[in-house]
Amino acid sequence: MTPEVISVLVLAALFVIATVRNVHLGAAALAASWLVGTLVFGVSVDTVVAGFPAGLFLTLVGVTYLFAFAEKAGAISAIVYWAVRAVGGRISLIPWVMFVVTALITSVGALTPAAAAIVGPIAMGLAKRHKIHPVLMGMAVIQGASAGSFSPMGVYGMVINTIVAKHDLPSSPTVLFGAAFAFILLTVVVAFFAFGGPSLIRADRRAAVTAQAPVLDRPQVDAKLVWSLLGILTLGIEAFVFQHDVGFVALLIVVILSAIFSESAKGAVNNICWPTALLVCGVVTYVNLLQNQGVVDWLGNSVANIGAPLVAALVILFIAAIVSALASTTGILGALVPLAVPFLMTGEVWAIGLVAALAVSASVVDCSPFSTNGALMVAYTEEKERDKAYKQFLNWGGALVVLGPVASWGALVLIPAL
């Protein structure tokens, strides 16, 4: 058995083990990087460590630290409160408010699990209070988080755009963001009509609509809340306008805020999404090892040699959807985009379209209860409705495992190839 085959089988085994056992995929990938690197390829530990994405790690830590502080300061709850007030009491618009809020939060760098964890309890509480179907509300939060995350400053967008730029492939962050957002929004539209949206609209029409929004605890506007909001705004301006390093800027902002408001800073560092940072960096380290040893080129050429580029592209999309529904979207994007690079470099399919389709296929299935965000929404569902909601999220996720790859492949790969 060749080193290439062994290393690919190890990668597949990592996803399987992390799915069926209580093993962290990132930690397992780091351990496998050392074992495969030193024993299979015979390289030094320094060579293995050189593949660790320090910049990406810094970004994940800095951004999640800032949002952890902002949550403790009440800034995130305030954003949700003001957004719900803005709909003027129209219950049918509340799921869309949750979609927009989570999309905005992740579009400036918050991780999707963090956004779901912050907005989810508020959203599902509103669902219970106003008799909104939990799957509809959960889909709004989950898909909103994914949609925003493909912005140039979002985590998914940064991961994909960094990989594509590294390999000098044709890229368009705007196309990636727009295509992913459109497909993800469509899944929420379908869920809206499938899970009681029309009845909410009819109820709004029957009711005497007032200017009062649904009752929420009014946030206490104080200095720490205002400065936290200004910090988030500053991060967005720095990243979009001045294009400074997101991780360093976020760390600088949160350090300043922590120094000024030390009480709010207590425990914020514990809420940094360390598991996600470990996950992304572990998988990327292993894939970087494969790249350095030529395995990625070998695997990509093997897929390209199928002889039917469009079929090969569809196979890649199905792999992304299946694995992402059972594990981490961030992890599968970090693994499959590099693995698809040699195939993309053949020029036989539209590279930008295939990358966008890969993003769609891996993200729309996040409503699966085996995915982090899907599991969060099930956990936040009212206890008496939880078992039913679990089955409905499972069925919805299973359907999107099939429909997501086929639809994105048709629109972004097949049609441009005709």
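The values are calculated or read from the model by the stated rules, or taken from the named source; none is laboratory data. Nothing here was measured: the structure is a model prediction, and the numbers come from that model. All Cβ positions, glycine included, derive from the backbone under ideal geometry; neighbour counts span all protein chains shown. The protein model used for the area step is the full one, side chains on, heavy atoms only, and it has no ligands, DNA or RNA in it. Shrake-Rupley method; radii C 1.70, N 1.55, O 1.52, S 1.80 Å.
Taking the range 218-227 on its own, how many of its residues are open to solvent by 100 Å² or more (accessible area, probe 1.4 Å) and modelled with pLDDT of 80 or more? Working first, answer last.
Residues of the range 218-227 that are open to solvent by 100 Å² or more (accessible area, probe 1.4 Å), as a first pass: 218, 220, 227.
Subset that is modelled with pLDDT of 80 or more: 220, 227.
Counting residues in the range 218-227 that are open to solvent by 100 Å² or more (accessible area, probe 1.4 Å) and modelled with pLDDT of 80 or more gives 2.
Out of G154, G120, which single residue is closer than 27 Å to N288 by Cβ, open to solvent by less than 10 Å² (accessible area, probe 1.4 Å), of a type outside the set (A, V, I, L, M, F, W, C) and at pLDDT below 90? Talk me through it step by step, then tell me what you get.
On the way: G120 fails: closer than 27 Å to N288 by Cβ.
Going through G154, G120 in turn, just one is closer than 27 Å to N288 by Cβ, open to solvent by less than 10 Å² (accessible area, probe 1.4 Å), of a type outside the set (A, V, I, L, M, F, W, C) and at pLDDT below 90: G154.
Take the range 282-298 and flag every residue that is within 30 Å of A115 (Cα to Cα) and surrounded by 23 or more Cβ atoms within 10 Å (Cβ to Cβ).
Initial filter on the range 282-298 (within 30 Å of A115 (Cα to Cα)): 282-288.
Result: G282, V283, V284, T285, Y286, V287.
Give the residue that is nearest to G331 (Cα to Cα), with candidates limited to residues of the range 263-281 that are in a loop (DSSP other than H, G, I, E, B) and open to solvent by 20 Å² or more (accessible area, probe 1.4 Å).
Going through the range 263-281, the residues in a loop (DSSP other than H, G, I, E, B) turn out to be 266-268, 272-273.
Of the ones still in play, those that are also open to solvent by 20 Å² or more (accessible area, probe 1.4 Å) are 266-267, 273.
Working: K266: 30, G267: 27, C273: 14 Å.
That would be C273.
Within the range 228-257, work out how many residues are closer than 18 Å to A110 by Cβ, open to solvent by 20 Å² or more (accessible area, probe 1.4 Å), in a helix (DSSP H, G or I) and of a type outside the set (A, V, I, L, M).
4
Report whether or not E4 is over 20 Å from V295 (Cβ atoms) and buried (at least 18 other Cβ atoms within 10 Å of the Cβ).
Numbers: over 20 Å from V295 (Cβ atoms): no; buried (at least 18 other Cβ atoms within 10 Å of the Cβ): yes.
Criteria not met by E4.
As an exercise: evaluate N22 against (1) among the polar types (S, T, N, Q); (2) more than 29 Å from P369 (Cα to Cα); (3) open to solvent by 60 Å² or more (accessible area, probe 1.4 Å) and give the number of the one condition it does not meet.
Against the list (1) among the polar types (S, T, N, Q); (2) more than 29 Å from P369 (Cα to Cα); (3) open to solvent by 60 Å² or more (accessible area, probe 1.4 Å), N22 comes up short only on (2).
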